Each structure stands twice: as C-alpha cells, then as structure tokens.
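The values are calculated or read from the model by the stated rules, or taken from the named source; none is laboratory data. For clarity, every value in this text was computed on a predicted model and none was experimentally measured. No Cβ is skipped: glycine too gets one built from the backbone with ideal geometry, and neighbour counts run over all protein chains shown. For accessibility, only protein heavy atoms count, side chains too; no ligands or nucleic acids. Shrake-Rupley method; radii C 1.70, N 1.55, O 1.52, S 1.80 Å.
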Amino acid sequence: MAWMGTLIIVTIPLFMIWNRLVIDPQREYMEWLMSVLMLNTLVLPIINGFVITSGMQREYQDRTIRNVLTAPVSRERFLTAKLVVWFLWYLISICLSEVIVAAGCYALFPDEFTTGNMGYALFLFTQNNFFSFIAGIPIFWICVKQQALFYPAMLATLGTAVLQAAGLQVSEELILPACVCPWTAVSISGIVGFSTCYYWICLVSIFLCGVAGYIGVIISFRNQDQ
C-alpha cells in the first residue's frame, strides 16, 4: 500500500505540469507554484494517514501485533521503529515529489528557474511537508486506539487535511487562532515570516501536537493486552 501512496504523491506535480501544458498555458510561475502547494497540502496528509492506518489495521487484523504484546520486548522501541519506518517512506515520497516540482519549474518557467526561486520553492515545500508529518502523528495514536477498525483514523485524517488546506485561506483577523491550531498552523507557517511571533506560535503548536500524539501512542499501546 505504501508504494501506491508514493505513486499518488508524485502524481500531484506531474498532474500540475500537464495542466499547465495542456489546459492553462498562460498560468504564471507563482500562481502555478501556489496551486501545486495547495493541492499537495490537501492530498499529502490524506495519503500519509491512509498509509499508517492501513498498515496498523492489517497488523491488528492479522494479529501479528500479538507477538509484540506477548514478547518481552520494549513496546516503546517497537513504536519508535514504526514511526521511523513511516517517516522514511514519507521522506522518500516527498523528495521524489519535490524533484518533479523542480523539474517542472525548469521545463515550464526557464526564466524563473534561478537559485533564489528554487531555494524558496523547495524550502516552502519541505517545511510544509515536514510540519504536516509532525501534525499527523496523532493519527498514529488513533490507529493504536481503534486497533482493527479503519474509519475513525481516516475520518480524523480527512478532517486534518481539510484544516491544513483551509489554513491557506485564513483571513488576517483569524491568523492568531489559526496559528494555535496545529493543522492550520502547517499552512500558516509558510505565509508568515520568520521574524513574526505568528511563525513561532505555529512552530510550538505543531511540535506540541506531534509530541502529544506520540505520548498518546505509547500510553495506549502500554494499556493493551493480547
């Protein structure tokens, strides 16, 4: 299932390149880049949540998780290994996606393909993707809580994806509460500057969300029996 998720993730920039070539050839560089970012912000957390949800559900359904619950091994170490594998898959997928974005910029907008523009674009995508993963760790918690069920984690995944996409449309009056919400903060962090307090509120909110999610995973897994 992970390879299918990677395929969908890399299809996003490929689709936007095709869209610029065939459907909207007049679209300017920055407008195209922001469209890719918006689509990526909506789809990436859904695919990310689906991969971890389907993987954990399969382990509970096949009862392979029982080996961990009954064996004299550290449950924290097992969960950390799961998180690392999940992140490595995510990292490979977003790197492939960003390579395609850079190639698309070079092919579609050669005059805009400068070191400054590419540095900004790749930083924007990398930060957005990294923060999105951290804000998605509570989905892992729901996966452990729900065990063999599927829909609770996927409903939560869809909700967080909508919130992340909504963060790109937040009005100036609502920036502060949007920074406090970790999922809208993922998008807000790419809009506000480093020197503003809003960015640091976003940063703290996102990392607290990730830490709380991982602590919840450990506590829930500790309380499970066979």
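Using a probe of 1.4 Å on the protein chains alone, the accessible area found for F123 is around 90 Å². Dipole check for the chain: with +1 at the C-beta of Lys and Arg, -1 at the C-beta of Asp and Glu, and the Cα centre as origin, the magnitude is about 980 Debye. Taken one residue at a time, the phi angles of region 128-145 give Karplus couplings (6.51, -1.76, 1.60, θ = phi - 60°) of 4, 5, 5, 5, 4, 5, 4, 5, x, 4, x, 5, 4, 4, 5, 4, 5, 5 Hz. Gly and Pro are set to x. Shown in residue order for region 189-202 are the 3J(HN,Hα) couplings computed by the Karplus curve 6.51 cos²θ - 1.76 cosθ + 1.60 at θ = phi - 60°: 4, x, 9, 7, x, 4, 7, 8, 5, 4, 4, 6, 5, 4 Hz (x for Gly and Pro).
Calculated mean residue ellipticity at 222 nm for the chain: -26500 deg cm²/dmol, from DSSP H runs with n ≥ 4 weighted as -39500 (n - 2.57), summed, divided by the residue count and rounded to 500. Residues whose amide H falls under 5 Å from that of F109, counting only those 5 or more places apart or on a different chain, are absent, with hydrogens built in the peptide plane.
Taking all protein chains as shown and a probe of 1.4 angstrom, R63 keeps an accessible surface of around 110 Å².
Using a cutoff of 8 angstrom between alpha carbon atoms and counting only pairs six or more residues apart, the relative contact order for region 158-226 works out to 25 percent. Between L96 and E76, the distance separating the two model label sites (each 7 Å from Cα on the Cα→Cβ line) works out to 3.5 nm.
Given contacts defined as C-alpha pairs under 8 Å and at least six residues apart, what's the relative contact order of the chain, whole-number percent? Relative contact order here is 26 percent. For the peptides 34-46, 97-109, the ranking by packing is 34-46, 97-109, with the highest mean count of neighbouring Cβ atoms within 10 Å listed first.
Along region 149-162 the Karplus relation, 6.51 cos²θ - 1.76 cosθ + 1.60 evaluated at θ = phi - 60°, assigns HN-Hα couplings of 6, 10, 6, x, 5, 6, 5, 5, 4, 4, x, 5, 5, 5 Hz to successive residues, with x for each Gly and Pro.
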